[in-house]
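So the structure is just underneath, and the comments pick up after that.
Values quoted throughout were computed directly from the atomic coordinates according to the rules given, and no laboratory measurement underlies them. The shown structure was predicted, so the numbers you read here are calculated from the model rather than taken from an experiment. Counting neighbours? That spans all protein chains shown, and the Cβs are built from the backbone with ideal geometry, glycine included.
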Amino acid sequence: MTDGYGFRGGRLPALIAAAALAALLGHVAPARSDEPAVAQRFMVVAANPHAARAGYEILEAGGSAVDAAIAVQAVLSLVEPQSSGIGGGAFMLYLDAPDEPGETAEIVAYEGRETAPAAATPDMFLDENGNPMGFAESAFGGLAVGVPGVMRMLELAHREHGRLPWAALFAPAIRLAEEGFEISPRLYFLLDQFKRFETAPEFRAHYYDENGEPHPTGYRLVNPEYAATLRAIAEQGADAMYIGSLAEAIVRAVRDNPLRAGRLTLEDLERYEAHRGEPLCTPYRERRVCGPRPPSSGGVTVQQILGILAHFDVAATADDPPKTIHLVAEAARLAFADRAQYLGDPDFVDVPVEALLDPKYLERRASLIDPERAMRRVEAGIPSPAAARRYAPSLPQTMVSTSHFSIVDAQGDAVTMTTSVQSTFGSTLMVGGFLLNNQLTDFSYEPERFGRPVANRVEPGKRPLSSMAPTFVLDREGRLEIAIGSPGGTRIINYVSQALVNIVDLGMNVQDAISAPHFVAQHGPIELEQGTPVVEHAAALEALGHRVVPRTLNSGLHAIVVEHGEAGRKLYGGADPRREGVALGD
Ligand code: DON
């Protein structure tokens, strides 16, 4: 079935510019058509053609997937500043492909999540009356800036899995920053919508003209300051950002912001550490699905959704889309109730990860689903007696930035990485040619509810709960089958789990699985992707007892599916038609 949920064809003609650019680059067909891109040796799928091109260059030069990830991130920071950058944070899984047939791939989870400064307090996002601040009142300026983590994380990963010299990986981004790149339709569109100048004159000066209008699509934007930052990082490593003059400039920008001063210090930057550890893996339909552990909820919640769906024959609903939507939505509603109740930074709260994914617990949760009728109320479960009622549920925030890329290198090793400055253009504070995140807005603004603490409340040195869900799926033989992830705030979890269901249960190819219209269920009505045929199922879903609303659902799924044949492997790339990404490979 390739037309799931009644979908036919692409929807964003404005992205033709990106397609044309990718075509000019002259490699594998960019994944802008309905067909996946195909390659044999290596592949990179990223949200911007320049970024994919940088990854391609590194892979072609014999670089590892981690090497390519560094080059891609350095370029994304320049060309897609609305979404991610070196002033932000990320979650990444690295897969070491087996050397011998019959061996299983090994996966390492890297985490470069932003942390709250040591001076952060649980009430820092409450107003003078003790009420949660509005998003706009808290997100722009210095207050919500967390210690950036992505470069420390990439440095750690490069030490362990880099093949090319660190300094070489910044060459494509430095070149592009010095020679300039054309502003893409999406960057222009978002700059035009944004026009938020009060907190950050540098932001305005860089992206807008003297009249406050954004530089137009196609305008060649140079960023010599960013080139200088990258040269420093190339020479000194990530230290160039965490100690010394650039670190001082970051701290000054945050603390001296006249509108909303933040609390970041030089010590916070100096003390920052990225982490590596075990991924979170659970079975699904004879495969293994692996994602990040908390402080991202991405792994736990995607895997809860799939673990609940494992109790239903989703494939049998292929010709009855409202049935598929009903089952996936109900599983998501149950998983999101647990997410709100239990998840936070495990260094600060006791997160019952294993209990939440225990097969018996998931079976109990699945038994709450009636295939013929929507649940009237959904509450968090009690995965273990110790977990019961310790924390109060928080409410999710939803935004429109972040970036995901997937890479497979010539050795078959792979990276799946989701990276973010949080909301569009992050804090808007610009230092050294890049934007600082506002990731602290991912904390619950309310420290407690109903007399109980919220697991995701702000605390000094704590990491805000993320939804980023870079995911690998291993096949029955333990080899890489799927690398995937998406932006979308908490909807990331819905986008990723829906795409996995599309591939694994409904047998779609990777491009169709990504392009298929979305539906999102969390705590409220089911959102149906506006302007797509999925809205035609509204009446059928209402008849099952659901509330539905149409909504723009701006995912950015970028995925690679690997087919292991007798003659070697084939890589299929899919890029989200809702953004400007492409798949390039060889
Ligand atoms: O870590 C998170 O889950 C969020 N900061 C991600 C934000 C995001 O995806 C914005 N969306 N499109």
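Given the Cα-Cα distance of GLN193 and ALA61 and 0.36 nm per residue of separation, how much length would full extension add, in nm?
My answer for the length gained is 43.6 nm.
Within 10 Å of each residue's Cβ, count the other Cβ atoms and sort LYS323, LYS195, LYS360 from fewest upward.
LYS360, LYS195, LYS323
Quick one: dipole size for the chain, taken about the Cα centre, charges +1 on Lys/Arg Cβ and -1 on Asp/Glu Cβ, in debye to the nearest 20.
1040 debye
Please label the shape of the range 306-451 as rounded, prolate or oblate, based on the square roots a ≥ b ≥ c of the eigenvalues of the alpha-carbon gyration tensor (a/c under 1.5 means rounded; beyond that, a/b larger than b/c means prolate, else oblate).
Taking the square roots of the gyration eigenvalues as a ≥ b ≥ c, the range 306-451 is oblate.
Can you tell me how much longer the chain between ARG377 and GLU178 gets when fully stretched, taken as 0.36 nm per residue apart minus their C-alpha distance, in nm with one decimal?
So the chain would gain 66.1 nm between ARG377 and GLU178.
Which residues' amide hydrogens lie under 5 Å from the amide hydrogen of VAL431, considering only partners 5 or more residues apart or on another chain, with H built in the peptide plane?
LEU436
Using a 10 Å cut-off around each Cβ, can you sort VAL501, VAL496 from fewest to most neighbouring Cβ atoms?
By the 10 Å Cβ count, ascending, the order reads VAL501, VAL496.
If R0 is 45 Å, what FRET efficiency do you get for GLU363 and GLU210 from their C-beta distance, rounded to 0.05?
0.10
So for the chain, taking the charge dipole from beta-carbon charges (+1 Lys/Arg, -1 Asp/Glu), which of LEU362, LEU76, THR265 sits furthest toward the positive end?
Value computed over the given set: LEU362.
Using the beta-carbon distance between GLU128 and ASP370 and R0 = 51 Å, what value does 1/(1 + (r/R0)^6) give for FRET efficiency, to the nearest 0.05?
0.60
Shape call for the chain from the C-alpha gyration tensor, a ≥ b ≥ c root eigenvalues: rounded (a/c under 1.5), prolate (a/b greater than b/c) or oblate?
Cα axes put the chain in the rounded bin.
Go through the range 178-192 residue by residue and turn each phi into a ³J(HN,Hα) via Karplus (6.51, -1.76, 1.60, θ = phi - 60°); whole Hz please, and just put x for glycine and proline.
7, 7, x, 9, 7, 4, 7, x, 6, 5, 4, 4, 6, 4, 5
For the range 266-280, what does the Karplus curve 6.51 cos²θ - 1.76 cosθ + 1.60, with θ = phi - 60°, yield as ³J(HN,Hα) per residue in whole Hz, taken in order and with x for Gly and Pro?
4, 5, 4, 5, 4, 7, 4, 10, 7, 10, 10, x, 6, x, 9
Assuming R0 = 51 Å, what is the FRET efficiency of ALA136 and HIS311, from their Cβ-Cβ distance, to the nearest 0.05?
Rounded to the nearest 0.05, the efficiency is 0.75.
What lysines sit close enough to LYS323 to cross-link, taking a C-alpha to C-alpha distance under 25 Å and skipping anything fewer than 8 places away on the same chain?
The reachable lysines, counting only those whose Cα sits under 25 Å from LYS323, are LYS360.
What net charge do the residues around ASP413 carry, taking every other residue with its C-beta under 14 Å from that of ASP413, with Lys and Arg at +1 and Asp and Glu at -1?
Residues near ASP413 contribute -3 overall.
Restricting things to alpha carbons, find the Rg to Rh ratio for the range 473-580 using the Kirkwood radius for Rh.
My calculation puts Rg/Rh at 1.03.
Name the long-range amide H neighbours of ALA455: under 5 Å, sequence gap of 5 or more, or other chain; modelled H, no Pro or chain starts.
Correct list: ALA392.
With θ taken as phi - 60° and the coefficients 6.51, -1.76 and 1.60, list the Karplus ³J(HN,Hα) couplings across the range 109-118 in order, rounded to whole Hz; mark glycine and proline as x.
9, 9, 9, x, 6, 5, 10, 6, x, 4
Return the calculated 222 nm mean residue ellipticity for the chain, to the nearest 500 deg cm²/dmol, obtained by summing -39500 (n - 2.57) across DSSP H runs with n ≥ 4 and dividing by the residue count.
Result for the chain, helices only: -9000 deg cm²/dmol.
Ranking ARG364, ARG220, ARG578, ARG479 by Cβ neighbours within 10 Å, fewest first, what do you get?
So the residues, fewest neighbours to most, are ARG220, ARG364, ARG479, ARG578.
Give the shape of the range 405-476 as rounded, prolate or oblate, defined through the alpha-carbon gyration tensor: a ≥ b ≥ c are the square roots of its eigenvalues, a/c under 1.5 means rounded, and otherwise the shape is prolate if a/b is larger than b/c and oblate if not.
It comes out oblate by the Cα gyration axes.
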